[in-house]
1. What residues qualify as long-range amide H neighbours of residue 207, i.e. H under 5 Å apart, gap of 5 or more or another chain, H built at 1.01 Å from N?
2. Around residue 171, which amide H atoms from residues at least 5 apart in sequence, or from another chain, sit under 5 Å from its own amide H, with H modelled in the peptide plane?
3. Taking θ as phi - 60°, what are the ³J(HN,Hα) couplings along the stretch 9-16 by the Karplus curve (6.51, -1.76, 1.60), each to the nearest whole Hz, with x for Gly and Pro?
4. Can you work out the accessible area per residue across the stretch 110-228, with the rest of the protein chains kept in place, probe 1.4 Å, in square angstrom?
5. Under 20 Å from a point placed 7 Å out from the Cα of residue 80 along the Cα-to-Cβ direction: which residues of the stretch 329-359 have their backbone N that close?
6. Once the other residues with Cβ under 10 Å from the Cβ of residue 234 are scored (Lys, Arg +1; Asp, Glu -1), what is the net sum?
7. Residue by residue, what Karplus-based ³J(HN,Hα) values in Hz, rounded to whole numbers, does the stretch 201-208 have, using 6.51, -1.76 and 1.60 with θ = phi - 60° and x for Gly and Pro?
Amino acid sequence: MTKKKGRIGVTGLVSVLFVCRAMTLFTFLQPENTGLRQGDRPLLAFSFFLFGMLASLPLFYLRKDRPRSLLDVTDGFSKRFTKICCVLFSGYLLWSAAFGEARFTLLTGTVLLRGVNNVWPVMLLTLTAGIVALKGLEAIGRASGVIAVLLISTVIFVLISTANRFDVTNLEAPLKDGPGMFAVNGFHAAARTPELFVPLLLGESLSGNIRKGIPFFLIFFGVTAGVVFLFISGVLGAYGEGQILPLYTLTTLAKSGVLERLDNVLSGLWVLCAVLRSAFFVKTASGILCRAFAKSEKKTVVLCCAAVAGTALVLSESETRLMKTASSGISDVCFIVFLILVPSVLLLSEHRKKIRYSK
């Protein structure tokens with residue numbers, strides 16, 4: 001079946017999800033994760049998969065019979081309720097976009113553009129993301145597919161070129177703090193995956209079997225992150241514990257033939273990941289706002305959403321404050337509310353309503 005123009009397929013969606021998560025993986029912050037032992041990080045993929053699948057259960061039920069979105073469910077209650085939900089959902093998406101931009105400015109300020117006022121990188125990212133968002137979800141999915149392939153290839157080069165520095169004695173025994181702390185850290189990792197909320201809002205804009213796409217993404221990214229963390233531990237050892245961006249430190253050691261500075265290659269791809277991630281959230285947020293308040297999607301709404309995400313970061317005064325805010329528990333609460341609680345309550349209420357009217 002030919003995919004209609006403007007839709008994003010499951011392959012494109014998986015590519016976008018991988019690119020979004022890869023951007024966070026590259027800026028894995030050591031100070032943020034002091035409670036996560038070095039030996040537990042490679043195994044984090046298992047708990048990440050379990051909590052990711054838990055958060056995806058409402059999505060699987062929602063699209064069981066036909067492609068629907070949460071807004072189709074809210075329409076069954078009232079249009080006013082749908083508008084309220086659209087505002088809340090778009091707010092969460094734009095906040096998530098600002099969180100990603102905070103990570104972007106953290107890397108540019110500490111590695112790429114030292115000494116440069118963070119306002120300028122934010123403005124450039126906001127403008128670029130807005131322009132990319134105007135191209136639509138289909139274009140974002142295709143671009144993400146290309147970037148994902150280049151990204152995976154580069155990471156493989158990095159791992160191969162640093163394999164000779166891998167020392168087994170640098171590794172720690174896993175689960176020193178017991179399975180409870182391991183499960184908690186897995187939940188925190190899944191809670192910082194707001195991209196899983198977007199498929200709940202796409203409805204007919206998403207084509208394909210999402211029940212196969214989401215598990216594939218969770219497994220593939222989880223294994224990728226596990227291997228990367230394994231190499232960080234095995235190559236850097238205790239030295240990596242003192243690095244604010246340990247993965248970037250690992251890439252600076254990588255050399256492969258004519259590619260003497262793989263860290264520059266990976267940093268360039270990471271910037272593209274940051275743009276696509278922001279564009280993905282901005283496009284989705286503008287789409288649901290236009291669905292509720294306009295007859296058709298307007299370019300001005302897309303650009304305004306991009307500006308709101310950028311402004312939120314600038315008004316936070318520093319990316320560090322926003323990062324600390326996100327790490328203080330807001331991400332955990334939003335994960336429970338938006339990915340589990342709200343979809344489950346809406347779907348349960350809809351089901352009960354159908355049963356009541358069928359009698």
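The values are calculated or read from the model by the stated rules, or taken from the named source; none is laboratory data. Just so it is clear, the model here is predicted, and its values are computed rather than measured. Virtual Cβ from ideal backbone geometry, glycine too; neighbours counted across all protein chains shown. We work out accessible area using only protein heavy atoms, side chains counted, and drop any ligands, DNA or RNA first. Shrake-Rupley method; radii C 1.70, N 1.55, O 1.52, S 1.80 Å.
1. 8, 9, 10
2. It is none; the list stays empty.
3. Working through the residues one at a time gives x, 5, 4, x, 5, 4, 5, 5 Hz.
4. On the way: 5800 Å² over 119 residues.
Value for the stretch 110-228: 49 Å² per residue.
5. Under 20 Å, as judged by backbone N against the label point of residue 80, lie 346, 350 of the stretch 329-359.
6. On the way: positive: 165; negative: 167.
It works out to a net charge of 0.
7. For the stretch 201-208, the Karplus-derived couplings read 9, 7, x, 6, 6, 10, 10, x Hz, x marking Gly and Pro.
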